[in-house]
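**Q** Take a look at the following structure, please.
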């Protein structure tokens, strides 16, 4: 009987897939990921369930959308999250060692893992042989205040978190060499602060960065929350998006640094004899504006630059294939896929679908993956210029100047209200409370600048996507707690459509 496979989830934070070489980006940003795509399956239509860290990570582990699991903001505690069993429960049930190497920001705490080395965007696990220097590096990150470094980082590569996380991961694999291992390798980058040492700082010169499709000139057309985000970003971190080319050069340098360390990790696992029996899943929790629309980070709307994510699978039995524009998949599909890999029934309440038939080039219902859903916001009245929730522009700016609001608190203001979206074919429909709708032909208009919701020639597309959105909202309606009678469901793939 074959040994149980290792499961290695490699996650970056806020990494856009369109900046990858295998997606046609003209700069050499991701050679290691390019090779992974060639060896496995790279999904070009993979989506986050929501473009914000904590809810997306909870969705990854529970296989449930934020509306269902209940975590819809970065600032609510995770007590009360709704699910039956999650990814960690299942791998533990099958005798796996469990390791968290990097950023957590999920509902799972340190004590849930056998091996835990925690990092966030400004703090890392300090090493015994360089504790003073590691603390100094933390102080340097603090001083950047989520901003963009204009000079190379004055600490060499040895101090960068991805380097340390990879070394932590290899140590974990050595420590549990006799057991199957689940590892969540979670890089805090390329999230802000945007900094890299040489040679990465100079690797992508600002004047060589391709032109962006849209700058701040279009914010008034996008609506008030977008303009609000721009105003507050410039108050909180002055100049953070003025030099968008330096911002993007640093961001690309961080992506390449991560990519190089992924190769170090894969080579190290190969030397340990672990790669042949390891599933590698690379993904990100959501994207980053990276200066598009004149904005930094994330915080408003459901544009493709925030909701589309990289997703690559390699491992035993996965057939290298180019799935191209089909199918649409989500982070919520990771957990049920792992369940099927382990021969485990998908737990009650999971909303994602197993991708294993796709990965193994087996038959699956194409209708099941013909569209995908995402959402954003924690409900209530949306942010407007009036500011119903007390976040009127002058008051909030004054608090911001006084340091009472951090960058994430600003984002939390723009979480007000609730957006729902569906992607199907080349189109996207987004709907917000009070009847605000947007319809975009994403292939022709990838930055969503031309809203076709009122275009009479698009009426049939609009109506079809409205029905698709309703179908998704009914589909992800809460099924917990258990009812008196157990509902019918597909416990292997969790499909809702027949072949």
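**Q** Quick check on region 137-149: of everything there that is more than 25 Å from the chain's Cα centre (by Cα) and surrounded by fewer than 14 Cβ atoms within 10 Å (Cβ to Cβ), which residue is modelled with the highest pLDDT?
**A** Taking the candidates together, the pick is 139.
**Q** Go through region 6-69 and tell me which helices (runs of 4 or more DSSP H), entirely inside it, have 1 or more residues that are touching a strand residue (DSSP E or B) at 6+ places or on another chain (Cβ under 7 Å), under 30 Å from residue 245 (Cβ atoms) and modelled with pLDDT of 95 or more.
**A** The helices (runs of 4 or more DSSP H) meeting that bar are 31-39.
**Q** Could you check region 466-495 and list, in sequence order, the residues that are farther than 20 Å from residue 332 by Cβ and touching a strand residue (DSSP E or B) at 6+ places or on another chain (Cβ under 9 Å)?
**A** The one that is farther than 20 Å from residue 332 by Cβ and touching a strand residue (DSSP E or B) at 6+ places or on another chain (Cβ under 9 Å): 466.
**Q** For region 239-248, give me the residue count where each residue is in a loop (DSSP other than H, G, I, E, B), surrounded by 22 or more Cβ atoms within 10 Å (Cβ to Cβ) and in contact with a strand residue (DSSP E or B) (Cβ under 8 Å, 6 or more places away or on another chain).
**A** Residues that pass the stated criteria total 1.
**Q** Residue 374 is checked against (1) assigned to a helix (DSSP H, G or I); (2) in contact with a helix residue (DSSP H, G or I) (Cβ under 7 Å, 6 or more places away or on another chain); (3) modelled with pLDDT of 85 or more; (4) under 21 Å from residue 223 (Cβ atoms) and fails just one. What number does that condition carry?
**A** Here residue 374 clears every test but (1).
**Q** Has region 179-191 got any residue that is surrounded by fewer than 17 Cβ atoms within 10 Å (Cβ to Cβ), touching a strand residue (DSSP E or B) at 6+ places or on another chain (Cβ under 9 Å), at pLDDT 95 or above and in a loop (DSSP other than H, G, I, E, B)?
**A** There is at least one residue in region 179-191 that is surrounded by fewer than 17 Cβ atoms within 10 Å (Cβ to Cβ), touching a strand residue (DSSP E or B) at 6+ places or on another chain (Cβ under 9 Å), at pLDDT 95 or above and in a loop (DSSP other than H, G, I, E, B).
**Q** Could you tell me whether any residue of region 70-79 is buried (at least 24 other Cβ atoms within 10 Å of the Cβ) and either modelled with pLDDT under 95 or closer than 16 Å to residue 309 by Cβ (or both)?
**A** Scanning region 70-79, I find at least one residue that is buried (at least 24 other Cβ atoms within 10 Å of the Cβ) and either modelled with pLDDT under 95 or closer than 16 Å to residue 309 by Cβ (or both), so the answer is yes.
**Q** When you check residue 173 against the structure, is it in a helix (DSSP H, G or I) and free of Cβ contacts under 8 Å to residues at least 60 places away in the same chain, yes or no?
**A** When the stated conditions are applied, residue 173 does not pass them.
**Q** Another question about this same structure. Would it be correct to say that residue 273 is modelled with pLDDT of 95 or more, over 30 Å from residue 438 (Cα atoms), in a loop (DSSP other than H, G, I, E, B) and more than 17 Å from the chain's Cα centre (by Cα)?
**A** The answer is yes for residue 273.
**Q** A further question follows. Here are the criteria: (1) surrounded by fewer than 24 Cβ atoms within 10 Å (Cβ to Cβ); (2) in contact (Cβ under 8 Å) with a residue 60 or more places away in the chain; (3) under 25 Å from residue 294 (Cβ atoms). Tell me which single one residue 251 does not satisfy.
**A** The number of the failed condition is (1).
**Q** Being within 27 Å of residue 381 (Cα to Cα), modelled with pLDDT of 95 or more and assigned to a strand (DSSP E or B) is the requirement here; does residue 466 meet it?
**A** Judged against the criteria, residue 466 is not a match.
**Q** Here are the criteria: (1) touching a helix residue (DSSP H, G or I) at 6+ places or on another chain (Cβ under 8 Å); (2) surrounded by 23 or more Cβ atoms within 10 Å (Cβ to Cβ). Tell me which single one residue 349 does not satisfy.
**A** Here residue 349 meets the rest and fails (2).
**Q** I would also like to ask the following. Check 288, 260 and return the single one that is out of contact with any strand residue (DSSP E or B) (no Cβ under 6 Å at 6 or more places or on another chain), part of a helix (DSSP H, G or I) and either touching a residue at least 40 places away in the same chain (Cβ under 8 Å) or loosely packed, with under 15 Cβ neighbours inside 10 Å (or both). Lay out the reasoning, then the answer.
**A** Details: 288 fails: part of a helix (DSSP H, G or I).
260 is the lone residue from the list that is out of contact with any strand residue (DSSP E or B) (no Cβ under 6 Å at 6 or more places or on another chain), part of a helix (DSSP H, G or I) and either touching a residue at least 40 places away in the same chain (Cβ under 8 Å) or loosely packed, with under 15 Cβ neighbours inside 10 Å (or both).
**Q** Within region 196-238, how many residues are part of a helix (DSSP H, G or I) and either modelled with pLDDT under 85 or more than 30 Å from residue 158 (Cα to Cα) (or both)?
**A** 20
**Q** If you go through region 119-136 one residue at a time, how many are within 30 Å of residue 92 (Cα to Cα) and surrounded by 16 or more Cβ atoms within 10 Å (Cβ to Cβ)?
**A** Number of matching residues: 5.
The values are calculated or read from the model by the stated rules, or taken from the named source; none is laboratory data. Keep in mind that this is a model prediction, so the values were computed, not measured. For neighbour counting, all protein chains shown are included, and Cβ atoms are generated from backbone atoms with ideal geometry for every residue, glycine included.
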